[in-house]
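Structure provided below as structure tokens; questions to follow.
Since every read-out is calculated from the coordinates, none of them should be taken as a lab result. Nothing here was measured: the structure is a model prediction, and the numbers come from that model. Glycine also receives a Cβ, built like all others from the backbone with ideal geometry; neighbour counts cover every protein chain displayed.
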Amino acid sequence: MIFETFPVGAFQCNCLIIACEETRSGIVIDPGGDEDRILSVLSKHQIETVYLLHTHAHLDHVGATKPVHEKAGGETCLHEDDMFLCNHLPAQAELFGLPTPETPTMERFLKHGDRLTFGKQSVEVLHTPGHTPGSLSFYIDGVGLITGDTLFAGSVGRTDLWKGSHPDLIASIKQRLLTFSDETTVYPGHGPKTQIGAERQNNPFL
């Protein structure tokens, strides 16, 4: 399996590029900025982009979606409950004093339990609302959990932005993320990776 993750954009969102080594079919998760770097990694590995997946629609996770989609393809995917955020990127950018990214078109709405294939690999979709109403996490066998801004190493996502809910966030973590084994690697939307067991035992918010 081809796997690369690196921070992008002003908020250093963790973008992930994962592909089937045999077929070169792959996915990009959270193309939040620095489209040239994302496109360079896709080109380096000769990846055919099948999906552009988004854990949620805050601007630091969708900021480069449109230019990456235009140049690399891939079906753009989001949970429908976050479309209000996607459609109001100018307001998001104004709040943080950042340039407004181009608003992408989302071509597919994901829901809990969906399974997407890329080459001989697959990704399971988990609806984990709280940070935003449509927040998603993704599980890929052999990689682990990609949790967006729901669960971090030693912390959890903020819920004071548009339609956030702390009770929903904690319920999502306990009911849908902590069900995975302690050895499961967690790749958050920002910061270092961790493991489910470490968060179960040491995360002060849980």
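Would you kindly compute the Cα radius of gyration of region 31-130 and its largest Cα-Cα separation (Dmax), both in Å?
13.8, 42
Quick one: length gained pulling Glu22 to Gln175 fully straight, 0.36 nm per residue minus the C-alpha distance? Mind dumping the intermediate values first?
Working: separation 153, 0.36 × 153 = 55.08 nm, distance 3.46 nm.
In short, 51.6 nm is gained.
So, one more: I'd like the distance separating the alpha-carbon centroids of region 1-62 and region 140-206, in whole Å.
Here the two parts' Cα centres lie 20 Å apart.
Output the relative contact order of region 31-184, whole-number percent, from Cα pairs under 8 angstrom with separation of 6+ residues.
Numbers: 270 pairs, mean separation 26.8, N = 154.
This gives 17 percent for region 31-184.
In addition: Report, as a whole number in µm² per second, the diffusion coefficient that Stokes-Einstein gives for region 120-171 at 10 °C and 1.306 mPa s using the Kirkwood radius over alpha carbon pairs. Please report the intermediate quantities before stating the final value.
On the way: Rh = 11.4 Å.
In µm²/s, the coefficient is 139.
For Thr76, enumerate residues with amide H under 5 Å from its amide H, sequence gap 5+ or separate chain, H modeled in the peptide plane.
Placed amide hydrogens put Leu52, Glu107, Arg108 under 5 Å from Thr76.
With θ taken as phi - 60° and the coefficients 6.51, -1.76 and 1.60, list the Karplus ³J(HN,Hα) couplings across region 73-83 in order, rounded to whole Hz; mark glycine and proline as x.
x, x, 6, 7, 10, 7, 6, 4, 5, 9, 5
Longer than 25 Å from Cα to Cα, which of Lys44/Lys66; Lys111/Lys174; Lys66/Lys174; Lys44/Lys71; Lys71/Lys163 are they? Say none if no pair is. Display every interim value, and only then the final one.
Values: Lys44/Lys66 20 Å; Lys111/Lys174 19 Å; Lys66/Lys174 34 Å; Lys44/Lys71 14 Å; Lys71/Lys163 33 Å.
In this structure, Lys66/Lys174; Lys71/Lys163 lie more than 25 Å apart at Cα.
Let me ask something else. List the GluC sites (Glu not before Pro) within region 13-45 that DSSP assigns to loop and that have no more than 12 neighbouring Cβ atoms inside 10 Å.
Values: sites: Glu21, Glu22, Glu35; in loops: Glu21, Glu22.
Passing both the DSSP loop test and the Cβ count: Glu22.
Also, I was wondering about something else. What does the C-alpha gyration tensor say about the overall shape of region 2-202? Classify as rounded when a/c is under 1.5, otherwise prolate if a/b is larger than b/c, or oblate.
Values: a/c = 1.56, a/b = 1.07, b/c = 1.45.
Note, shape of region 2-202 comes out oblate.
If region 3-69 were replaced by its equivalent ellipsoid, with semi-axes equal to the square roots of 5 times the Cα gyration tensor eigenvalues, what would those be, largest first, whole Å? All intermediate terms of the calculation are to be shown ahead of the outcome.
Details: eigenvalues 73, 24, 19 Å².
Largest first, region 3-69 gives 19, 11, 10 Å.
Mind giving me the FRET efficiency for Leu95 and Glu124? R0 is 45 Å, r the Cβ-Cβ distance, nearest 0.05 is fine.
With a Förster radius of 45 Å, E is 0.85.
Now a separate question. Calculated from DSSP H runs of 4 or more alone, at -39500 (n - 2.57) each and per residue, what is the 222 nm mean residue ellipticity of the chain, nearest 500? Intermediate results must be reported in sequence, preceding the final value.
Working: 7 runs with 48 residues, N = 206.
Helix contribution divided over all residues of the chain: -6000 deg cm²/dmol.
Shifting gears a bit: Would you mind listing how long region 127-206 runs along its three principal axes, going by Cα atoms, in whole Å with the largest first?
Taking the Cα atoms of region 127-206, the three principal extents are 33, 25, 23 Å.
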